1. Can you confirm whether K362 is open to solvent by less than 30 Å² (accessible area, probe 1.4 Å), touching a strand residue (DSSP E or B) at 6+ places or on another chain (Cβ under 8 Å) and among the basic types (K, R)?
2. In the list A165, A135, which residue meets the criterion of being of a type in the set (G, A, S), more than 26 Å from H63 (Cβ to Cβ) and modelled with pLDDT of 90 or more?
3. Considering the stretch 143-168 alone, what residues qualify as being touching a Leu at 6+ places or on another chain (Cβ under 9 Å) and either open to solvent by less than 30 Å² (accessible area, probe 1.4 Å) or of a type in the set (A, V, I, L, M, F, W, C) (or both)?
4. I'm told S479 meets every condition in (1) surrounded by fewer than 16 Cβ atoms within 10 Å (Cβ to Cβ); (2) modelled with pLDDT under 75 except one. Can you identify the failing condition by its number?
5. So which residues in the stretch 123-179 are farther than 30 Å from L252 by Cβ, among the hydroxyl-bearing types (S, T, Y) and over 42 Å from the mean Cα position of the chain (by Cα), if there are any at all?
6. Kindly provide the set of residues from the stretch 124-177 that are in contact with a Phe, Trp or Tyr (Cβ under 8 Å, 6 or more places away or on another chain) and outside any loop (DSSP other than H, G, I, E, B), ordered by number.
7. Please find, within the stretch 451-475, the residue that is surrounded by the fewest Cβ atoms within 10 Å (Cβ to Cβ) out of those that are free of Cβ contacts under 8 Å to residues at least 24 places away in the same chain and of a type outside the set (S, T, Y).
8. Do you know which of the residues in the stretch 781-797 that are within 15 Å of R732 (Cα to Cα) and open to solvent by 20 Å² or more (accessible area, probe 1.4 Å) is modelled with the lowest pLDDT?
Amino acid sequence: MHDRKKRYYANLYPKEIFAKLEFDKILEKLHDYCQSPLGQAYVQNIRFVDEQKEIEKQLRQVHEFVLILNHEVLVFPTSNYLELSQEIHLLGIQNSVLNEQQIFRVFQVLQTVGNILYFFRQKDGENIELYPELASLVQNLEINKDLLNAIKQVLDDNGKIKNSASRTLTSIRNSMSRKYQELDSKFRSAINQFKKAGYLEDTLETIRNGRRVLAVKSSHKRKVKGIILDESNSGRISYIEPEVTLQTNNELFELQQEEKREIYKILKELTTKLVPYVEPLKEYQKLLGLLDFIRAKAKLANSMEAVMPLINTERVIELENAYHPYLYLLNKEQKKKTIPLSLRLSIADRILIISGPNAGGKSVALKTIGLLQLMLQTGMLLPVEEGSTMCLFKRIFVDIGDEQSLENDLSTYSSRLHNMRYFTEHADGKTMILIDEFGSGTDPKFGGAIAETILEFLNKKSVYGVITTHYSNIKIFASQNRGLINGSMAFDRKNMRPLYRLEVGRPGSSFAFEIAENCGLSDKVLDAARRKVGEDYREFDELLSSLQNEKVELEKRAAALEERERLAEETIKSYEIKAKEIKKKKSTILLKAEEEALQLVNNTNKKYNKILHELSKQKGEKQVVKKLQEEIEQDREKSRQKIEKMKDVVLYKKSKGVVEKGADVQLRTGGKVGTVVEIRNNKALVAFGELKTTVKIKELVVVEKREKKERKMITYDTLSAAVNFSSNIDVRGMRREEALSEVEKLLDQAIMASAENLTIIHGKGDGILRRAIRNFLRTHRFVTAVYDEDPQYGGDGISIVELAD
């Protein structure tokens, strides 16, 4: 135990580190989420782990439990996580016997473990595949069903001995039941007798020393035969067991003693059966405690919307939208917004120096990083954005807050120097250091120099960490040395308020003069203070202040521009939706028009059949035949004209000239604009970009002239292209140039076939092929939109392409 503590304190310094980083408050939350002492014991003995495999296993366990908690149907067994230390201890003592309640508690634990095993092994082990890390915890465990059945035969659902636990017990309890009936009959007879005589109090009867007695007025006690077992405090009531029930009560007492002896015998037999299972019971206790602990971690993760970060061995910390866990929970309860931070530490930039105004959030940022690291290395999910990555450290050293010690006669600054000595002696490349208000507590000139020297020393030892400071020499040192990077807390100089946003890459001003001025300090005092500071220092601080103010203004403009872009995108989407609705209405109208045209044709056919019938009756009447033929042709022409008019109305297309060679034309149904290359009888050869096709002249309308681009013409047959066209293509495994060539061919074929959309399968991978294809598609004039397929059908591994009508 001593060695473990020694190692623990060597890894985490100082011993109050949990409180300094507010990890103790996270542990309190975790403790409250546990539902049993078994899980709470794991919280109390939580371990700081620096082995990657172990941490990744713990994180996956918690992640899997989060999935179970959030599942709409699955319910994980969580009842009766009972602590059996007393029962296990008694089972280890020879000839000891567990009582009813103790055996029932053992039974409940066995039943719970059995339910957990069933959870993973039901449905051919489907849940083992879904939750492999959790399932591995129970893979070597079994429950003895014979033992469960043996206990079930003895105990009922409330943990009481059944009448049927043994034949002897059945006989004893049947005899007891008859004696109770006999006793009740005799006792009621006595009550009626003495009640009529007026000897009894209003309560009539009660129980004394486990026996049923009459409540007799003391003035009449000698008139009631029996044994006085007790008196009231006032002496006014005597409690008498009537003579008529004495024998029955004695017989019942004997039966009760026999029952106790038989129950003891049964419990002893059951205890003997449980003794060989002491070790499995210990394993069950470990399992239930660990599962309760993991479940508590999962519930905590849900409460802060935490995720499982990636762990790398490249010594990189890259956090996106990372929240201070405890602050996030507090603000969530109060319905306040918490501002996240983002940062990146690597071998090149290992130590982040954060500067900025007081109460600007420097300490919170430092604690956020330290707290997240502690949570990670104790197996907890983190409130960060998916994809955030972290590395592991063997040691975490912290210097935060006032550590003045009256016991050791240490001032605050002496205490901090004591910490720095420890840091410099024990820190190395596998250490994270967290120092708040670096160098403070003494004369700034000397404190700054000592702090700079310590920083140089720690930097040479390749430590990682975060340091907050107001000292300009530290900021300058960080900007001039590899391994260090400046950062600042954003400040709105115009409104004189902190923004609590970490900005990595440059130091920040303390805004001391601005804040002092805002607090009402006189100009004379401030001017004198500026002179005392010195020109170089003042200019340096003003430059930082000015740069920060300019950045805030630029960010506001950028935010306004983003808002405009968002509104523009929403407007475009709105128009696209309306265009689709119009297209749908257009299709409906066209369908109706086609139905009317079909009706015209049917009517014409009926008339034609009637004419044929007339002809068959009037053979030889050439004039009549000729006249009828003219009527047929006239009706057909009227039908054709009416259909064409309907097409014009429905399709909104009016020709702007005669279809002739060189004219720009479009199909009546819309789509691409092409150029007439040649007229052949009632057909036209039309070039649509690089493609040529033959179309009936009546299906074309002339449109306004457009700029011509000379291209090599390739002739296709429209019908053949439409029939043979496939809108899907798979370019996985192709080189970039080959894939783009195939996509371009597909687009050409799609235009010929008048396709509306395409599906391009390029896979996910590193996203290089996806980006190349999408960049190409965005430049194509016939492509109107490109977006990901639904996640369930492939997500960003597939691009859906919409083409212009």
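1. yes
2. On inspection, the qualifying residue turns out to be A165.
3. Result: I143, L147, L148, A150, I151, V154, L155, I161, A165.
4. Exception for S479: condition (2).
5. none
6. Passing the criteria: N127, I128, L134, A135, L147, L148, I151, K152, L155.
7. In this case the residue turns out to be K460.
8. Per the stated criteria, the residue is G794.
The values are calculated or read from the model by the stated rules, or taken from the named source; none is laboratory data. Because the structure is predicted, anything quoted here is derived from the model rather than measured. With ideal geometry, Cβ positions are generated from the backbone for all residues, glycine too; neighbour counts draw on all protein chains shown. Note: accessible area is taken over every heavy atom of the protein model, side chains too, but ligands, DNA and RNA are not part of it. Shrake-Rupley method; radii C 1.70, N 1.55, O 1.52, S 1.80 Å.
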